[in-house]
1. Collect the residues in segment 35-59 that are closer than 17 Å to M21 by Cα and either touching a residue at least 40 places away in the same chain (Cβ under 8 Å) or part of a strand (DSSP E or B) (or both), keeping them in residue-number order.
2. Can you name every residue in segment 179-202 that is surrounded by 21 or more Cβ atoms within 10 Å (Cβ to Cβ) and either of a type in the set (S, T, N, Q) or part of a loop (DSSP other than H, G, I, E, B) (or both)?
3. Could you list, in sequence order, all residues of segment 1-27 that are in a helix (DSSP H, G or I), under 14 Å from the mean Cα position of the chain (by Cα) and not hydrophobic (A, V, I, L, M, F, W, C)?
4. Quick check on my filter: what residues within segment 60-80 are assigned to a strand (DSSP E or B) and not polar (S, T, N, Q)?
5. Select from segment 204-240 the residues that are among the hydroxyl-bearing types (S, T, Y) and in contact (Cβ under 8 Å) with a residue 60 or more places away in the chain and write down the one among them that is surrounded by the most Cβ atoms within 10 Å (Cβ to Cβ).
6. Considering only residues that are in contact with a Cys (Cβ under 6 Å, 6 or more places away or on another chain) and among the aliphatic types (A, V, I, L, M), which ones fall in segment 12-37?
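Throughout, read-outs are computed from the coordinates displayed, never taken from laboratory work. Being a predicted model, the structure only gives us computed values, none of them experimental. Every residue, glycine as well, gets a Cβ built from its backbone with ideal geometry; the counts of neighbours run over all protein chains shown.
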Amino acid sequence: MSQNQYWQDKVVIVTGGASGMGRDVCLTLAARGARVVIGNRSAAAGEALLAEIRAAGGQALFRSTDVSRAADCEALVALAMDSYGRLDGAFNNAGLQRAFNPIHATPDADLSEVIDINLKGVLYMMKYEAAAMLRNGGGAIVNNASIFGLKAMPETAYYVASKHGIVGATRAAALDYATQGIRVNAVCPGPIKTPSYDRVTGGDDHMYDDGVPMHRIGQPREVTEAVLWLLSDQASYVTGSALSVDGGMVAQ
């Protein structure tokens, strides 16, 4: 079966879908025939992506979604179920990072916002996605963690905590549903060329070369292919895993 045949009419939610890794996953899924349900905090960016997908002949829906709000997460899953009658997969990608600071100098607002969006947002989304998938007999969830869900970096304790939390929650949820047809995994990207990366580095594509064994940053498509593999039946015996997509950084 070709990739286009496999994804034809599958229903997949993507949060943080209008930028960076989420955007590439949305465009790729839509091009392969999936019905993509996009959640994104910026309505303008989400509507623009929706129009782009539909102009190319793809199937998609959009709802403005702040994943730090449980009601928004519930509504996004309800949109998928009410419109398409099922939910086959989800890429819980929404996340952010604020300024680099040692923990004693981290503003309370930064700490709270990052935990609310990165960690609580994934927990809320999994809660409602799993309930929907139980109704349609199974599915697959992929959470976007980070290499900093597997290792640490100075001046980012709040961010590292959120990403370690995602990896732990992924593993625990995988055990919850291991016999009920729902697989739950995480991807742990290293430095990837996205708008968020450019904000942190000022657009310097070589800032991390010395810290990456492959001596380059990754491209969104390299994360997309890992996500789609974990969502697909090709990964049917994979659950509770945290897959590094990092050019070898975690192996050091």
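1. If the condition is that a residue be closer than 17 Å to M21 by Cα and either touching a residue at least 40 places away in the same chain (Cβ under 8 Å) or part of a strand (DSSP E or B) (or both), then V36, V37, I38, G39, N40, R41 are the ones that fit.
2. Passing the criteria: N185, G190, P191, T194.
3. Of everything in segment 1-27, those that are in a helix (DSSP H, G or I), under 14 Å from the mean Cα position of the chain (by Cα) and not hydrophobic (A, V, I, L, M, F, W, C) turn out to be G20, G22, R23, D24.
4. The answer is A60, L61, F62, R63.
5. Within segment 204-240, the match that is surrounded by the most Cβ atoms within 10 Å (Cβ to Cβ) is T224.
6. Once the filter is applied, which keeps residues that are in contact with a Cys (Cβ under 6 Å, 6 or more places away or on another chain) and among the aliphatic types (A, V, I, L, M), segment 12-37 yields V14, V36.
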